[in-house]
Structure formats: structure tokens, C-alpha cells
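What follows is a short report on a single structure.
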């Protein structure tokens, strides 16, 4: 699996929980982070380079653990490697469509928060419409959420003021029945997002994120688990293209467990 | 001149004002932005690659228009190219030391705001101490200022709350006599920074930034201006490594004038 930086670790955290007996290799292309503000060609080039490295390292399936890369580079990565490739957008779209299809089916509005790149790609509206074209999708780019989360300001007055600025018009105008956290960083702020959404709408709105949905999709792809499903200690291997030291602290925070080893790799080519 | 992205345009803006008859080539390495959160080796590698491109393009002097690159890569760039190289830290240090040296010389405390990388490098404390070792420097990384400025949120409640969080302990504990905006993005927020500093200190504190100081240093390096100093229209050439479209709007905002042409270059190597 790969991401531009740490965000995809929220997906790894879900994979470790759902698939405790599988071995994961996580690459964060931290020398080139972030991808969310970059153009499609650049994101495709970076994604294909990392994906080739994963295949060369022996991976038998690839998870694109980044919404922006899922939006822009899924086809390019599939064309470049011979192993199965899973993105983090399609599984969430499937889950949301299923949740809103259960009777009563009057709930039709989905709100999506994401980076500027993911929103501009229209990947979520497209993925949702492909499954159920009666769903109506509304989007809002939230570029400050990523730096806020990386700064560790995930709760309190400042994140709340920023979340309110982004969410207020989106929720008030569209009164959505589902809210997708369309960036792997955003689950780290889910408490403040849920609280602000409740304050604006006067009711709870279900939040959907990539981790669990992607873990389910990967489990299905990898086939039936071994009968011995006793959990083992998480042991994902972590590699980054920038300084491993800068990655250690924030990785522990995202994974919710101590991280003591991060390797440096050079993909500059 | 080069920067990881748009920040250096506040320096270009000063250069265009002070040196209206010189021709500038500005490269923003937007495919790899930001550098402020990356490690020294990465910043050096990127800086040298861009500097070589500038020399190949015919530049007769190079301005490293990025504080993080100035902190980490000045020696590496000087070693890699044969033209004179100016950074954006030394000129500010000279200016601050001169301002605080004028009698009465009891004012000895300097506060520096910068990216995590610039602060960790101790480039400002070192540059100031090299000029006047009686100056006492205090630093604070402000990682949210860059995304705030790029989002265009340069004034109002959210930037003020964030500025207050960063500035309050720094200013209250050290009561500085000069405040250095040690990142080329920060001048875009100088109004809110000055207002918050005044509210905390109960007095004005002089702000120093890279633009004017660097322009003076470059003018000195390039020698006496031509006798015909009639201003001409600014005509810097702008090149970026990511999508030029994403750069146009924000470049106009930073330069304070319309920008209609941005070229794409590939430095991926």
C-alpha cells in the first residue's frame, strides 16, 4: 500500500485490525508529500513509481491508500503493474450506496469532504453515480484539515472554527444523509467534524471513511482467511522517501500504536 | 531565483520593485512543494537540481528565495554552481542586527517565526549570532501559516486565533524588540501578525522579512544600476514543475499584479 505521506496510515490501521494475519508494506512518498494540491500528471507519475517498487518488493496486491491518488492514478497504476489494485474511493462509495439504499430510500444526499485535487477530480460523485444514479453528491474541499491534523490540532477552538467554516454552507444547503471523509487524514478529526455537523444540522449524520470499507474490499479480494484467525501483533513494514525521523512520531499517532522502525528508500529515479 | 512553490514570489515582488531593469527567472518546484517539512538531504537535492537549471538558463546570479532552502542548502548550491548565490536569511539578519545596534542598544531580543525545518536548522540564531553575539534569539515554528496563506485566509477570526496560539507564549515570555517573518509566505499575513503581536505586547514590534533585505543585498552584488533607472513593467519569467494552471491565481495574489504566463518545466531527472 502507498500514500504520499502519513494519511494512508489510517487505512493501514483498519487493515491491521481486519486482516491481522497478512503482512503489509506501507510506502509514504514523504519526499514529495502532499499530492492533494498537485496536478493529475504529477500524481500519476509518483503513484506508478511507488507501485512498481511495491511489486518489486514482492507485494501480491496493492492498495492506493490515498484519495487523491485513487482519484487520479487508479487506471495508470493498474496499467503499470500485474497485481490486483484496490483504491480507497470505490469501497466507500459501495458502502454509502448500500447504507442509503436500505428502506426508507428517501435519503438521497451525500456530502463529500476532500482535498482540492480529490474534489476537482469528481471521483466520488462519479463512483457514487456509477452504483446508484439517484444519489445526489455535494462536495467541499477542506485544504486546512491536512496541516491541522499533521500539526496535531485535532480538537479545540481552532479546528472547530475551521470545520465550521467548511461545513456550514455545505450542510445547511444540502442537509445530507451521509458525510464522506474523502481524505485519509480526516478520520483523525472525526470527533470535531461529527460535533460540528451535529451543531449545524441539529441531528447526527453518519460519517463514512476509507479504512473499514477498504479493509473489507481487500479481504474479499484476498479470499477466505486461514482457519487460524488468532490475531498476531501488527508488523507492517514502513518505508518513506524523506527522513524517517520526521515520520516516527506522527506515524505512531496515526496508527494508534508505537512505531519504532521506519526505513528510508530512494525513489528519485 | 527559486523556491519550492509560491512563497518566493513575495521576494520576487520586492526584487521587481527595487531592481525594475533586471530580468528575473523564477522557478517554483511545485511538483515537490512544500520543502519546509522535509529533511535537509531532500531539500539540498531539490535545490541543487533547480539551481543547475537556472545556470543552464543563463542566470548570472541566484537567489534562494526560500527560508528552508536557505537554511539547509546554501553551501550545497554554492558548491554546485559557479555564479554568486544569495540566500534570504543572511540579509535579514544583517538588517535586524543593524536596527538593534543603533543606540540605545539595550534591545537584545529577537523572535523568529518559521517553518519546522527552518526553526530546527537554527539558521537564524546562527546568522544573527555571527553578526552580533549579544543578540538573543527565540524561535517558534508556525506550520499552519503556509496552508492558511495558500487557502487565502490571511485575515479574520481563524488566522487570528492561530496566530495568537503561536505568538502568545513566544512574545509574552521574551518580549522581543524585533520579530522576523522567517518564511516567505508570512508577509502575506503581516497585518494579522502585527495586530496580534500588538495585542499581546501592548506595543508595536518591528517586523522584518526577506523581500526588501534580499533586494538590497542583490543590488549591492550586481553593482551600480544603469544611469537610466526609469522603471519598466515587471516581466519576470515564471516556471513551475507541477501544473501551471494551479499556480496562476495564487501567483497573482502573491505578486500583487496580474500573471498571465507560467511555463511548465520537468526537473524529475
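Odds and ends about this structure:
- For the residues A:142, A:66, A:183, a GNM of chain A with alpha-carbon springs under 10 Å puts the largest fluctuation on A:142.
- Peptide-level mean, for A:238-247, of C-beta atoms on other protein chains within 10 Å: 3
- Here residue B:202 yields copy-to-copy label distances, from shortest upward, of 4.7 nm, the label point defined as 7 Å from Cα along Cα to C-beta.
- Segment B:1-76: equivalent-ellipsoid semi-axes (sqrt of 5 x gyration tensor eigenvalues, Cα, Å): 20, 14, 10
- Listed residues B:137, B:37, B:118, most fluctuating in chain B (Gaussian network, C-alpha, under 10 Å): B:37
- Shielding value for B:154-165 is 3, the average number of Cβ atoms from other chains within 10 Å of each residue's Cβ.
- Choice from B:70, B:82, B:47 showing the highest fluctuation, given a GNM over chain B with Cα pairs closer than 10 Å: B:82
- Distance between the 7 Å Cα→Cβ label points at residue A:60 and residue B:219: 6.9 nm.
- A from B by rotation - nearest chain B beta carbon to the axis, in Å: B:147, 2
- Two-site label geometry, residue B:237 and residue A:21: point separation in nm, points 7 Å out along Cα→Cβ: 6.2 nm
- Rg/Rg_ref, chain B, where Rg_ref = 2.2 N^0.38 Å and atoms are Cα: 0.97
- Taking N as its residue count, the alpha carbon Rg of segment B:90-210 over 2.2 N^0.38 Å: 1.00
- Sorted from shortest to longest, the distances between the residue B:99 label points of this copy and the other copies are 5.2 nm, with each point 7 Å from Cα along the line through the beta carbon.
- Label-reachable residues, segment B:1-18, where backbone N falls under 19 Å from a point 7 Å from residue B:265's Cα toward its Cβ: B:1-13, B:15-16
- Over the protein assembly as shown: helical MRE at 222 nm, DSSP H runs n ≥ 4 each giving -39500 (n - 2.57), nearest 500: -15000 deg cm²/dmol
- Equivalent-ellipsoid semi-axes of the protein assembly as shown, from the Cα gyration tensor, Å, largest first: 43, 26, 22
Read the figures in this text as sums done on the coordinates, not as results from a lab. Just so we're clear, the structure is a prediction, and the values are computed from it rather than from any experiment. Cβ: placed from backbone, ideal geometry, glycine included. Neighbour counts: every protein chain shown.
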